[in-house]
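The values are calculated or read from the model by the stated rules, or taken from the named source; none is laboratory data. The model shown is predicted, which means the values in this text are computed figures rather than measured ones. Using ideal geometry, Cβ is built from the backbone for each residue, glycine included, and neighbour counts are taken over all protein chains shown. Just so you know, the surface numbers come from the protein's heavy atoms only, side chains and all, with ligands and any DNA or RNA stripped out. Shrake-Rupley method; radii C 1.70, N 1.55, O 1.52, S 1.80 Å.
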Amino acid sequence: MKKNLVLTLTGVLVVAAAGGWWWSGAPSRHAAETASATPGGKAANGAGGGAPALVTLAVARKQSVPVTVQVNGSVVSLNSVDLRPQVTNTVRQVHVKEGQFVKAGQLLFTLDDRPDQANLAKARAQQQKDEAVLADLERQYKRNLELVAQNFIARSAVDATLAQLDAQRAAVAADRAAVQAADVALGYATLRAPIAGRIGAVNIYPGTLVQPTLSLVTITQLDPIAVSFPVPEGKLQDLLAAARSHTPVEAVIPGRKETLKGQLNFVDNTVDPQIGTVRAKAVFDNADQSLWPGQFVETRVTVRTIDDATVVPASALMMLTEGSSVYVIDAEKKAARRKVDAVYTFGTQVVVRGVQPGEQVVIEGKQNVRPGSKVRVEANGGPQRSDEQAPGPGSAASVAPTNASLVAERERT
């Protein structure tokens with residue numbers, strides 16, 4: 001009895017599954033018959049025989065676009081001096097502290113100047129001595145001129161006195177030069193700041209023996225300061241034009257909200273052939289020391305402006321073998337593939353030639369679009385599929401509960 005019941009239930013399930021399969025294939029057969037009835041065997045919608053492709057559109061805009069070069073640069077000082085002594089001497093006094101800001105001409109170091117002062121005094125004494133001899137020779141020459149006029153002495157005596165006078169005048173001139181040289185050597189004993197700026201580490205102390213090969217301190221100018229950055233050689237002509245008009249340059253410092261404003265004032269005279277860039281420099285006011293030598297910053301410079309440019313989203317471009325193209329949608333929702341030239345890309349937008357402002361281009365769903373086919377524009381709430389219907393009474397979803405209740409009833413009996 002149980003074996004017969006099992007065989008009966010198995011037969012019922014096979015019949016139910018076959019019926020569900022036949023009903024689920026009915027819409028497909030109906031669609032095939034409809035397609036075959038259509039002339040050419042194609043669906044009425046779409047040039048490719050399918051439903052219109054679902055796409056997202058964007059409108060081409062007309063605007064002025066600044067061409068901006070954004071690269072990383074480094075802060076450099078406009079002036080930096082490595083201070084060294086001119087003579088070998090001993091440091092007598094240090095007048096500054098490391099990290100101190102100094103003005104131009106401010107006293108930094110004093111060396112032992114006693115030997116130089118002695119040399120200067122000696123040179124001045126020699127000058128005074130030779131000047132006294134010179135004065136005596138001048139008086140003798142004047143007297144000899146009076147005597148030779150009265151024929152008391154020979155003319156040769158006057159000439160000899162004149163030669164001694166000229167030699168003494170040269171000796172006095174040499175003494176004056178020696179005094180000046182001694183005065184210059186004495187000036188080497190005091191070292192002053194040649195520029196205004198901030199001094200670095202000071203490793204010199206009173207009593208240290210210094211010589212011309214030893215660096216005492218480095219003075220770096222911080223205000224104003226410069227930012228050096230590389231620019232691709234493709235922007236060289238625009239950069240040269242921008243430098244002539246002192247185009248503003250922005251510097252972005254990590255951790256600082258405000259951007260610093262400077263001016264472009266220098267473009268290098270050569271292009272680096274290895275990396276294809278040219279070095280440019282902009283000057284910034286740096287009273288608050290926001291920029292520091294050696295610091296890396298992000299720089300932005302607008303080299304030119306494209307007026308009345310046509311702008312579309314960069315996602316609308318298709319990179320094909322024949323070049324860049326976009327799908328343009330007309331008023332009848334038909335797609336036409338059009339070749340365009342990408343002029344300049346900024347952010348998620350691109351300036352193109354070949355599209356007019358106001359035209360609609362496809363930005364999503366391009367892979368399903370064919371030239372000449374119609375498209376459907378995606379709604380805000382997402383696409384509404386027309387083929388989604390509630391399960392009918394003959395579908396598999398409605399048959400399965402019926403078979404299950406039949407099996408349960410058989411088991412109870």
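Numbers below:
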| quantity | calculated |
| --- | --- |
| Members of region 275-302 found to be closer than 18 Å to P66 by Cα and touching a helix residue (DSSP H, G or I) at 6+ places or on another chain (Cβ under 8 Å), listed by number | V301, T302 |
| Selection count, region 118-155, where residues are touching a residue at least 40 places away in the same chain (Cβ under 8 Å) and surrounded by 15 or more Cβ atoms within 10 Å (Cβ to Cβ) | 8 |
| Filtered residues of region 205-219 (kept if of a type outside the set (S, T, N, Q) and outside any loop (DSSP other than H, G, I, E, B)) | L209, V210, V217, I219 |
| Checking E298 against (1) in a strand (DSSP E or B); (2) open to solvent by 50 Å² or more (accessible area, probe 1.4 Å); (3) within 30 Å of S373 (Cβ to Cβ), the condition it does not meet | (3) |
| Among the candidates K129, K103, residue that is within 30 Å of V184 (Cβ to Cβ), over 60 Å from the mean Cα position of the chain (by Cα) and among the basic types (K, R) | K129 |
| The one condition in (1) over 30 Å from W292 (Cβ atoms); (2) surrounded by fewer than 16 Cβ atoms within 10 Å (Cβ to Cβ); (3) among the small types (G, A, S) that A201 fails to fulfil | (1) |
| From V59, V91, residue being over 31 Å from the mean Cα position of the chain (by Cα), of a type in the set (A, V, I, L, M) and open to solvent by 60 Å² or more (accessible area, probe 1.4 Å) | V59 |
| Any hit, region 275-297, residues being of a type in the set (D, E), in contact (Cβ under 8 Å) with a residue 12 or more places away in the chain and out of contact with any Asp or Glu (no Cβ under 8 Å at 6 or more places or on another chain) | no |
| Residue tally, condition under 17 Å from A58 (Cα atoms), in contact with a helix residue (DSSP H, G or I) (Cβ under 7 Å, 6 or more places away or on another chain) and either of a type in the set (A, V, I, L, M) or open to solvent by 60 Å² or more (accessible area, probe 1.4 Å) (or both), over region 303-353 | 5 |
| Strands (runs of 3 or more DSSP E) (entirely within region 312-382) containing at least 2 residues that are within 31 Å of the chain's Cα centre (by Cα) and not aliphatic (A, V, I, L, M) | 323-329, 341-346, 349-353 |
| V340 vs. criteria free of Cβ contacts under 8 Å to residues at least 60 places away in the same chain and among the hydrophobic types (A, V, I, L, M, F, W, C) | yes |
| Flag if S64 is touching an Asp or Glu at 6+ places or on another chain (Cβ under 8 Å), under 30 Å from Y344 (Cβ atoms), hydroxyl-bearing (S, T, Y) and modelled with pLDDT of 55 or more | yes |
| Unique match (being surrounded by 12 or more Cβ atoms within 10 Å (Cβ to Cβ) and touching a Phe, Trp or Tyr at 6+ places or on another chain (Cβ under 8 Å)) among V67, V81, V102 | V67 |
| Test: D183 is touching a residue at least 24 places away in the same chain (Cβ under 8 Å) and open to solvent by 60 Å² or more (accessible area, probe 1.4 Å) | yes |
| From A185, A178, A167, residue being of a type in the set (A, V, I, L, M), over 30 Å from D112 (Cβ atoms) and assigned to a helix (DSSP H, G or I) | A167 |
| Matching residues in region 286-306 - criterion: being among the acidic types (D, E) and modelled with pLDDT under 90 | D288 |
| Which listed residue is β-branched (V, I, T) and free of Cβ contacts under 8 Å to residues at least 60 places away in the same chain, from I363, I306, I253, I329 | I253 |
